[in-house]
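This report refers to the structure that appears directly beneath it.
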Amino acid sequence: MIKRNTVQKMKILEYLMSTKSHPTAEAVYAVVCKDIPTISLSTVYRNLNTMAEDGEILKFEVGNEAHFDADTSFHHHVYCKMCKEVYDLHDAEIAKFITENAKIPNFIVENTNLIFLGRCCECSNVYEEFEMS
């Protein structure tokens, strides 16, 4: 099946490639609809899901929401539970350790997709100040 490169798809991909914020579909829609006012949220969802299924972008669930990433290189993610920001983590040693040490019966680990949950430095400082008062 031949995949079409529509104007909508190209604008969505262009935006994803321009940001490191790992946006949700709603956040992508909020930006793309400024350039294409006739685009619908369902069109954004459909394009994002199709691009993820085709391996053009990454899709991962965190904080009860799907996030999207145009960086398809091998990496993991860090999620701040307080400010809800998602950051890239490029650390091949973590994946290597898990791949070499995972003992799962009747299964060979070929890849990992980890999401570390916690607090970023900024939110940790805010949290510590809040606890002290």
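The values are calculated or read from the model by the stated rules, or taken from the named source; none is laboratory data. Small disclaimer: the values here were computed from a predicted structure and weren't measured. Note that we place each Cβ from the backbone using ideal geometry, even for glycine, and neighbour counts take in every protein chain shown. These area figures cover heavy atoms from the full protein model, side chains too; ligands, DNA and RNA do not enter into them. Shrake-Rupley method; radii C 1.70, N 1.55, O 1.52, S 1.80 Å.
Remark: Ile39 falls outside the filter, which requires a residue to be among the aliphatic types (A, V, I, L, M) and over 30 Å from Val7 (Cβ atoms).
For region 59-75: of the residues being touching a Phe, Trp or Tyr at 6+ places or on another chain (Cβ under 7 Å) and either surrounded by 17 or more Cβ atoms within 10 Å (Cβ to Cβ) or closer than 18 Å to Cys120 by Cα (or both), which is modelled with the highest pLDDT? Per the criteria, the residue is His67. Taken together, Glu56, Glu61 contain a single residue that is of a type in the set (Asp, Glu), part of a strand (DSSP E or B) and either under 20 Å from the mean Cα position of the chain (by Cα) or on the phi > 0 side of the Ramachandran plot (or both), which is Glu61.
There is at least one residue in region 116-123 that is in a loop (DSSP other than H, G, I, E, B) and under 27 Å from Tyr15 (Cα atoms).
Could you check how many residues of region 89-100 are open to solvent by less than 50 Å² (accessible area, probe 1.4 Å) and not in a helix (DSSP H, G or I)? Before the answer, list the steps.
Taking region 89-100 as the starting set, the residues that turn out to be open to solvent by less than 50 Å² (accessible area, probe 1.4 Å) are 89, 94-95.
Cutting the leftovers down to not in a helix (DSSP H, G or I) gives us 89.
Qualifying residue count, region 89-100: 1.
Scanning region 64-81 for residues that are within 26 Å of Leu13 (Cβ to Cβ) and assigned to a loop (DSSP other than H, G, I, E, B) gives Asn64, Ala70, Asp71, Thr72, Ser73, Phe74, His75. Exactly one residue among Lys34, Lys84, Lys103 is of a type outside the set (A, V, I, L, M), open to solvent by 50 Å² or more (accessible area, probe 1.4 Å) and not in a loop (DSSP other than H, G, I, E, B), and that residue is Lys34. Can Tyr79 be described as closer than 23 Å to Pro23 by Cα, open to solvent by 80 Å² or more (accessible area, probe 1.4 Å) and of a type outside the set (A, V, I, L, M)? So Tyr79 does not fit the description; no.
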